[in-house]
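A.B. asks: The structure follows.
Please treat every number below as a calculation from the coordinates, not as lab data. This is a predicted model, so every value here is computed, not measured. For neighbour counting, all protein chains shown are included, and Cβ atoms are generated from backbone atoms with ideal geometry for every residue, glycine included.
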Ligand code: SAM
Ligand code: SF4
């Protein structure tokens, strides 16, 4: 996919001079896992289906965004693959002029049977959450089984997705003895590996910050076993990369807490119910669903999006005010 956007490509610049070119699109707030740092055990307070944006509504909003310069969209959730016909939605989005990159974040439990269809629909890149390679530990963290995830990953590899990135939330006392094993797993399968710091994302029962690990510690731990050299990775995201000398393996570090990257934030998030969130860690938002259902014109919709970007806050305050956010990651679209 490499298309030129002939429309106005500089309309979405926020008050801090950041150009918004990336939308994270939550297609469902539901999930078939319950990672303890993301969703409380037994959580059932999901959005009602009549409030989900339909595929037509999603397409309208994303089209408006692309006409304002957005070139990249990531499907996320909740678990995006629990919503029916995601390949169909992907196909519709990839045909939009101006959209150069459609990617997917998934827990991979349902990827085994969908990988080929998603690849054919034009999804280029896949990120898979995987915090442990030990079945018992995986179950403790997520409440689910490891094997379907491994099957899904192999199906994605077979289908030809590249790169496939593994996202591992690094947690003290939970998986901090598994970093080397995960590096070896990624080396073996030609996956990219990214470590993520736990963020305080609403009340999930067990406070993820109890297990917070500064990723500098992880990097130092890895440097004892591997020869790490500074590396780069295209993508425009927040990860800082190193490479293991003599290999193609890149390891990224996503450090929203220890070194936040708000000054280069280029994204907004559209939730399942059509709320546009301007920051993962703040409450600034614009509700698009009522406008769509009242028959707003395309021009007015674009004007609403431009005005919304003016509300984008300068930064999250996860570190200074960890109790502030009352939203679950699965609601916002992680
Ligand atoms: N279900 C998909 C998945 O797990 O990849 C997509 C949605 S999930 C909310 C997106 C990412 O958010 C995952 O990589 C997950 O590890 C991360 N995440 C969720 N809660 C988090 C938290 N409290 N701190 C850091 N990362 C978190
Ligand atoms: Fe589900 Fe992803 Fe949240 Fe885990 S991190 S509960 S897989 S949405």
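A.B. asks: In what sequence, highest mean first, do 297-305, 128-136 appear when ranked by Cβ atoms within 10 angstrom?
C.D. replies: Details: 297-305: 15.2, 128-136: 18.7.
So the order, starting with the most tightly packed, is 128-136, 297-305.
A.B. asks: Would you calculate a helix-derived [θ] at 222 nm for the chain, using -39,500 (n - 2.57) for each DSSP H run of n ≥ 4 and dividing by the full residue count, to the nearest 500?
C.D. replies: So the helix-based figure for the chain works out to -7500 deg cm²/dmol.
A.B. asks: Let me check I have the definition right: for the range 60-102, take the eigenvalues of the Cα gyration tensor, multiply each by 5, take square roots. What are those semi-axes in whole Å, largest first?
C.D. replies: 20, 11, 8
A.B. asks: Going highest first, how would you order 48-54, 100-106 by mean Cβ packing within 10 Å? Working shown, then result.
C.D. replies: On the way: 48-54: 13.6, 100-106: 22.4.
Ranked by mean Cβ neighbours within 10 Å, highest first: 100-106, 48-54.
A.B. asks: If you average the sequence gap of Cα pairs under 8 Å that are 6 or more apart and divide by the length of the chain, what percent do you get for the contact order? Present the calculation step by step, with values, prior to reporting the outcome.
C.D. replies: Values: 678 pairs, mean separation 74.8, N = 334.
It comes to 22 percent, rounded to a whole number.
A.B. asks: A further question on this structure: Highest GNM mean-square fluctuation, the chain, Cα pairs closer than 10 Å: which of 77, 237, 98?
C.D. replies: Top of the fluctuation ranking is 237.
A.B. asks: Using only the Cα atoms of the range 79-135, construct the convex hull and provide its projected area averaged over every direction, in square nanometres to one decimal.
C.D. replies: Projected area, direction-averaged: 4.2 nm².
A.B. asks: If you don't mind, another one. Counting only the backbone N, which residues of the range 18-60 are under 17 Å from the spot 7 Å out from the Cα of residue 294 toward its beta-carbon?
C.D. replies: Once the point is set 7 Å along Cα→Cβ of residue 294, nothing inside the range 18-60 turns out to lie under 17 Å by backbone N.
A.B. asks: Would you please calculate the Kirkwood hydrodynamic radius of the range 209-285 over all C-alpha pairs and express it in Å, rounded to one decimal?
C.D. replies: 14.8 Å
A.B. asks: I need the per residue convex hull volume for the range 22-332, using only the alpha carbons, in cubic angstrom as a whole number.
C.D. replies: Per-residue hull volume (Cα only) is 124 Å³.
A.B. asks: May I pose another question? Would you kindly state how much longer the chain becomes between residue 184 and residue 221 on full extension, computed as 0.36 nm times their sequence separation minus their alpha carbon distance, in nm to one decimal?
C.D. replies: Residue separation times 0.36 nm, minus the Cα-Cα distance, leaves 11.9 nm.
A.B. asks: Rounded, prolate or oblate for the range 122-170? Axes are the square roots of the Cα gyration tensor eigenvalues, ordered a ≥ b ≥ c, and the cut-off for rounded is a/c under 1.5.
C.D. replies: prolate
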